[in-house]
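Student: Take a look at the following structure, please.
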Amino acid sequence: MAQHKSPAQGAPSAALNGRYAHVKGWGTANASIAMHNSELEKLVDTSHDWIVERTGISERRIANERESVVTLGVKAAQQALAKADMLPDEIELIIVATSTPYYYFPSTACLIQDKLGATNAGAFDIVAACTGFIYALGLASAQIKAGGVNTALIIGTETLSRIMDWQDRSTCILFGDGAGAFVLKVSDAPGGIQDVVMHSDGSGADLLYASTGIRETWDGDASEQRLYMNGREVFRFATRVMASATHEVVAKAGLTLDDIDVIVPHQANQRIIQAAAKTMKLPMERFFVNLDHYGNTSAASIPLAIGEAVEKGAIKAQDKIVLVGFGAGLTWGAALLEWDSIEEPPRSAVRELVRSAWYILARMRSFLSRVLRFLERVIFRPPGEVYGEKLDK
Ligand code: UT7
């Protein structure tokens, strides 16, 4: 398989022209409904004991009817901006990693950009399934290091509950909803995101997929949107690549596993993490695990875990951290970063106030933009008028 042979990607470590990409803010958003395993016992032929023994999961969070990938993503982003003490218009790039976008298009990133009032940002989504946050981190940090942008907001946000087959006990017990975000900013101080490796192997696409609901032909029936997974094969793949991607990113940074303080893995299954720890000959204490109360939140799982790890003091200033993920695609990857500080930067009360007002104004701005677009259409372009110049025949 490709993952055993692939050399380390790109140039080693290095910031270009003394430009480093640092994590300046982070945020999380939990979906409102806590669904314990006992609830699932009522839906499918399963038991709390089976789920805990095979996965480590006791509970997952499910979005209520007012929540979506957009509202969860916005909440996580607002927290991250507050921690970084930045205003939304300082953000130049928004990347959203999600497998459950609000629409096929426009991107969820654009919907979040509008709600934040991040008027100076380019915004787009990426689909790399559960590896999405690592990919987003790779893209955003490369943009910052190369001088393309000075700031970026990356968000992993998911409502997997909405594509779940709640009759399929092999999948519905695993997944949950939530969001997490990072604000990245350029700095000339060494540190921050040191290296990222990204891999894919589309020959394994059939092992884990969700159909789009797009018709097979123009006049065909819309196929039902549903998640399908070959759990055993994904399990085998995951235990292999968690170790290989971690080794690869550590070697690329010129370090060894001994230099790593904390590994934050994709939170899919406790047994996968244990198997990866065994392969890497590392004690489980080096891994941060919180899947017992969130389940697998796909692209949101790593930033959700980071948020909790920082809160609990499991990640400390200057810690060297490896984030490692795997998922549908197949995709897998890892990132190595040095955590700047667990101290929140001193926040200005005035900016706090401005930020709160900003989100209200962002709604008004969005509404007014729609009204203006409407008025422009009605007043300046009466019905029947040809838009633009006619072509000369
Ligand atoms: O982000 C990536 C997403 N995906 C993953 O990470 C998934 C990776 N895979 C896994 O986590 C595991 O394969 C599962 C948790 C999905 C399944 O665990 P397993 O130990 O691999 O179980 P299995 O598929 O080998 O099934 C063992 C038995 C089967 O019964 P039989 O055929 O032995 O009679 C299943 O039908 O367990 C049965 N089973 C269940 N029993 C009770 C499957 N799901 C359940 C269930 N409750 N929810």
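Student: When only C-alpha pairs under 8 Å and at least 6 residues apart count, what is the relative contact order of the chain, in percent?
Tutor: Rounded, it is 23 percent for the chain.
Student: Okay, moving on. Tell me the net charge near residue 61. Cut-off is 11 Å between Cβ atoms, residue 61 excluded, with +1 for each Lys or Arg and -1 for each Asp or Glu. Before the final figure, lay out each step's value.
Tutor: Details: positive: 60; negative: 59, 67, 158, 177.
Local net charge: -3.
Student: Can you give the % of DSSP beta bridges in the range 18-338 that are antiparallel, to the nearest 5?
Tutor: That works out to approximately 75 percent antiparallel.
Student: Further question on the same structure: How high is the FRET efficiency between residue 216 and residue 32 when r is their beta carbon distance and R₀ equals 41 Å, given to the nearest 0.05? Intermediate values should be presented prior to the final figure.
Tutor: Values: r = 36 Å, r/R0 = 0.88.
After rounding to 0.05, the efficiency reads 0.70.
Student: Once label points are set 7 Å from the Cα along Cα→Cβ at both residue 352 and residue 41, what is their separation, rounded to one decimal in nm?
Tutor: 4.5
Student: To continue, here is another question. May I ask for the Rg/Rh ratio of the chain, computed from Cα atoms with Rh as the Kirkwood radius, given to two decimals?
Tutor: For the chain, the value is 1.00.
Student: Moving on to the next point. Where does each of 62-72, 311-321 land if you order them by average Cβ count within 10 Å, highest first?
Tutor: The peptides rank, most packed first, as 62-72, 311-321.
Student: Could you tally the net charge around residue 283, taking each other residue with its Cβ under 13 Å from the Cβ of residue 283, Lys/Arg +1 and Asp/Glu -1?
Tutor: With Lys, Arg at +1 and Asp, Glu at -1, the net is 0.
Student: Compute the distance from the alpha-carbon center of the range 252-287 to that of the range 66-125, in whole Å.
Tutor: Measuring centre to centre over Cα atoms gives 30 Å.
Student: If the chain between residue 54 and residue 279 were fully stretched, how many nm would it gain, using 0.36 nm times the residue separation less the Cα-Cα distance?
Tutor: Numbers: separation 225, 0.36 × 225 = 81.00 nm, distance 1.89 nm.
So the chain would gain 79.1 nm between residue 54 and residue 279.
Student: Add +1 for every Lys or Arg and -1 for every Asp or Glu among the other residues with Cβ under 9 Å from the Cβ of residue 177, and state the total.
Tutor: Local net charge: +1.
Student: What are the membrane-span-like helices in the chain by this rule: whole DSSP H runs, Cα extent along the axis at least 20 Å, mean Kyte-Doolittle hydropathy at least -1.0? Don't skip to the end; give the middle numbers.
Tutor: Details: long enough: 69-84 (22 Å, 0.83); 132-146 (21 Å, 1.09); 231-252 (31 Å, 0.06); 349-375 (38 Å, 0.51).
Span-like helices in the chain: 69-84, 132-146, 231-252, 349-375.
Student: Another question, then. Quote to one decimal, in nm, the extra length available between residue 318 and residue 380 on full extension: 0.36 nm per residue of separation minus the C-alpha distance between them.
Tutor: Computed gain between residue 318 and residue 380 is 16.5 nm.
Rule-based calculations on the coordinates, nothing more; no lab input. Since this is a predicted model, take the numbers as computed values, not measurements. We place every Cβ from the backbone using ideal geometry, glycine too, and count neighbours over all the protein chains shown.
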